[in-house]
Amino acid sequence: MTSFIYNPKLIQQKQLEIEFLSFFHGHGFGIIDLPVVEAFDWGGMTEDDLLLMPQRETWVQNGTVHALRHDWTNSIVRYLNKYKIDAERAVYSGPVFHTGSEHSQLGMEVFSDSSAEQQDALGLLIEFMDGRLGGLPRMAVISHYALLPMILGEDRMAEPAIRRALSQRSESALKGLLGNHPLPALLGDRPEAQIHKLRSIFPEISPILEELTGWEETLRRSGIEAVYPDITALPAQSYYDGVFIRLYGEGHTAPAASGGQYTARKKAFGMGIFY
Amino acid sequence: MITIALSKGRLLKSFLNYLEQNGHPRWHGALKSAQRELLVETEGIRFLLVKGDDVPTYVEEGIAELGITGSDILAENGTDVNELLELPFGRCHFALASKEELPEYRTIATKYVNYAKSVFDRSEKPVKIIKLNGSVELAAVIGMADAIVDIVQSGETLRMNGLQERVVLDPINARLIANKHAFFTRSAEIRAFINELRVN
């Protein structure tokens, strides 16, 4: 019934989508679209596909698994792994479905390994959020997915108990699992101080920390004053392999936007706003 | 002011004992004197006294920055919070208990369905699990289930109902949990609370 009633919020949402697409199109981004229903072959599913399946809305038809789009970057990565695209930068809008609910996502992707181009795109996204989505995000959490494998080693990173303790930021559990490794004690420090101590203990991670500093400066230049490093962040999908950023609005515990660097044939950066 | 959701009941008693023994007279006094109040404020800390099952929800939703609850509840609920520290109180364990010792236990009554499922999956034994919300012992007494999976502290409740502990399962203790957002934004206050607790 409600779909037949004039709904100002619906008009506002469509206008917002058009403004977002136009804003990025005006900065040289190509507008893309992908099907909201995705098809998966049983035998062709990757570990990432299988990991995400329980959160997806799925059904089986004619022996093929069909799923509603879970998030745009995931769809784009799957597309890029199969097809070539010429675009250097892309912008999108549309619904995503997870854990039983429909959400709307606005986002952009930069198909380039240039940090400068990626950071420019992040600046634009924050500029749009400030102008059209109720103001600047109040805080950012920034991580780098190459950090933990370097300080813990690939073997430890493969241990499910260690991964769980890292995702819980559990000082107690990590002390038990990692013994005398300095990481658990670092979790007792303020997040800002953790990076400085990491640098002195593991000088080999300096290039990663410098990269993080570059992104932090971009966030601060965009007006976000509170930027926190997260040294125990784990990627939700294996294609995320670099910087990852979560932006939070005032009084919200769920991120208003998130995304990061990933590899799908080549290096890329993508970020989405959820509203 | 930092807000801490506390589990009422058994765990609260255990927390009060810990506070008394470790030199926190004000926190102890304020919490001890709370009769039916669900909100207690003292020394820049607001304690919310809530049902144990609800502690992770208050923390996940950001109503409380921190929470103290049992690892049994965290094992069962899988809430999206940071499980920062094991705390040195609230110790007990999960156990499988029955009226008679049987070669196999095929029907299990429990409040902890997810945990029980993981236990029997680990031992590769198929069982039927019946969810109960309380008085779980009764299920084994009247024969609704072959055994129960429940928390055991002293074992007194089991003995009073003619049940015996057959398998000692995972240990349980209190855990300090944190909201994932507050972990960053309130880190100084969280660290101050941990230092005050003197658990390290």
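The GNM of chain A, with springs linking C-alpha atoms under 10 angstrom apart, assigns the highest mean-square fluctuation among A:Thr253, A:Thr232, A:Thr213 to A:Thr253.
The DSSP beta bridges internal to chain A are antiparallel in roughly 90% of cases.
Antiparallel as a % of all DSSP beta bridges within the protein assembly as shown, to the nearest 5? List each step's numbers first, then the result.
Numbers: 67 of 89 bridges.
In the protein assembly as shown, DSSP labels about 75 percent of beta bridges as antiparallel.
For A:Val243, the residues whose modelled amide H falls within less than 5 Å of its own, excluding neighbours fewer than 5 places apart on the same chain, are A:Tyr145, A:Gln261.
Shielding value for A:161-173 is 4, the average number of Cβ atoms from other chains within 10 Å of each residue's Cβ.
Note the direction-averaged projected area, equal to a quarter of the hull surface, for the Cα convex hull of the protein assembly as shown, in nm².
Details: hull surface 111.5 nm².
Seen from a random direction, the Cα hull of the protein assembly as shown projects 27.9 nm² on average.
Under the criterion of Cα pairs below 8 Å and six or more residues apart, the relative contact order for chain A equals 21 percent.
Each Lys and Arg Cβ is given +1 and each Asp and Glu Cβ -1; about its Cα centre, the protein assembly as shown then shows a dipole of about 960 debye. Taking a straight Cα-Cα cut-off under 16 Å and skipping sequence neighbours fewer than 8 places away in the same chain, the lysines within cross-link reach of B:Lys117 are B:Lys125, B:Lys128, B:Lys131. For the stretch B:8-74, the dipole from Cβ point charges (+1 on Lys and Arg, -1 on Asp and Glu) about the Cα centre works out to 380 debye, to the nearest 20. Here chain A is scanned for GluC sites (Glu not before Pro) in DSSP loops (not H, G, I, E, B) that have at most 11 other Cβ atoms within 10 Å, and the longest stretch holding none of them is A:1-224.
Residues considered: B:Glu37, B:Glu65, B:Glu165. Largest GNM mean-square fluctuation over chain B, using C-alpha springs under 10 Å, is found at B:Glu37. Scanning residues 5 or more positions from B:Ile172 or on other chains, those with amide H under 5 Å from its amide H are B:Cys92, B:His93, B:Phe94, with H placed 1.01 Å from N in the peptide plane. What is the stretch B:122-170 by shape, rounded, prolate or oblate, if you read a ≥ b ≥ c off the alpha carbon gyration tensor as root eigenvalues and call it rounded for a/c under 1.5, prolate for a/b larger than b/c, and oblate otherwise? Oblate is the answer for the stretch B:122-170, as a/c is 1.5 or above yet b/c matches or exceeds a/b.
Counting other C-beta atoms within 10 Å, which of A:Met139, A:Met53, A:Met271 has the fewest, and how do the rest follow?
Working: A:Met139 21, A:Met53 14, A:Met271 25.
Result, fewest neighbours first: A:Met53, A:Met139, A:Met271.
Checking the a/c ratio against 1.5 first, then a/b against b/c, what shape does the Cα gyration tensor give for the stretch A:1-103? Kindly include the intermediate steps, with their values, before the conclusion.
Values: a/c = 2.70, a/b = 1.26, b/c = 2.15.
It comes out oblate by the Cα gyration axes.
Of all the stretches in chain A, which is the longest one without any exposed loop site, taking trypsin sites (Lys or Arg not before Pro) in a DSSP loop (any state but H, G, I, E, B) with at most 15 other Cβ atoms within 10 Å? Excluding the exposed sites themselves, the longest stretch runs over A:85-264.
Report, in deg cm²/dmol and to the nearest 500, the calculated mean residue ellipticity at 222 nm for chain B, where each DSSP H run with n ≥ 4 adds -39500 (n - 2.57) and the sum is divided by the residue count. Working shown, then result.
Numbers: 9 runs with 69 residues, N = 200.
Value at 222 nm, helices only, nearest 500: -9000 deg cm²/dmol.
Among A:Val77, B:Val113, B:Val50, the order by Cβ neighbours within 10 angstrom, fewest to most, reads B:Val113, B:Val50, A:Val77.
Using a cut-off of 15 Å between beta-carbons, work out the net charge of the residues near A:Arg164 (Lys and Arg +1, Asp and Glu -1, A:Arg164 not included).
On the way: positive: A:Arg156, A:Arg163, A:Arg169, A:Lys175, B:Arg175, B:Lys180; negative: A:Glu159, A:Glu171, B:Asp80, B:Glu83, B:Glu86, B:Asp170.
So the surrounding residues net to 0.
For the stretch B:11-24, 3J(HN,Hα) computed residue by residue from phi via the Karplus equation (6.51, -1.76, 1.60; θ = phi - 60°) reads 5, 5, 4, 5, 5, 4, 4, 4, 4, 5, 6, 10, x, 10 Hz, glycine and proline entered as x.
Placing unit charges on each Cβ (+1 for Lys and Arg, -1 for Asp and Glu) gives the stretch B:41-141 a dipole about its Cα centre, and among B:Thr57, B:Gly78, B:Leu132 the Cα reaching farthest toward its positive end belongs to B:Leu132. The helix-based estimate of mean residue ellipticity at 222 nm for chain A, built from -39,500 (n - 2.57) per DSSP H run of four or more residues and divided by its residue count, is -12000 deg cm²/dmol to the nearest 500.
Order these by the 10 Å Cβ neighbour count, fewest first: A:Tyr240, B:Tyr58.
Values: A:Tyr240 22, B:Tyr58 25.
Fewest to most other Cβ atoms nearby, the residues stand as A:Tyr240, B:Tyr58.
When chain A is treated as a GNM with alpha-carbon contacts under 10 Å, the residue of A:Leu136, A:Leu152, A:Leu106 showing the greatest mean-square fluctuation is A:Leu152.
Rule-based calculations on the coordinates, nothing more; no lab input. The structure displayed is predicted, hence computed values, not measured ones. Cβ: placed from backbone, ideal geometry, glycine included. Neighbour counts: every protein chain shown.
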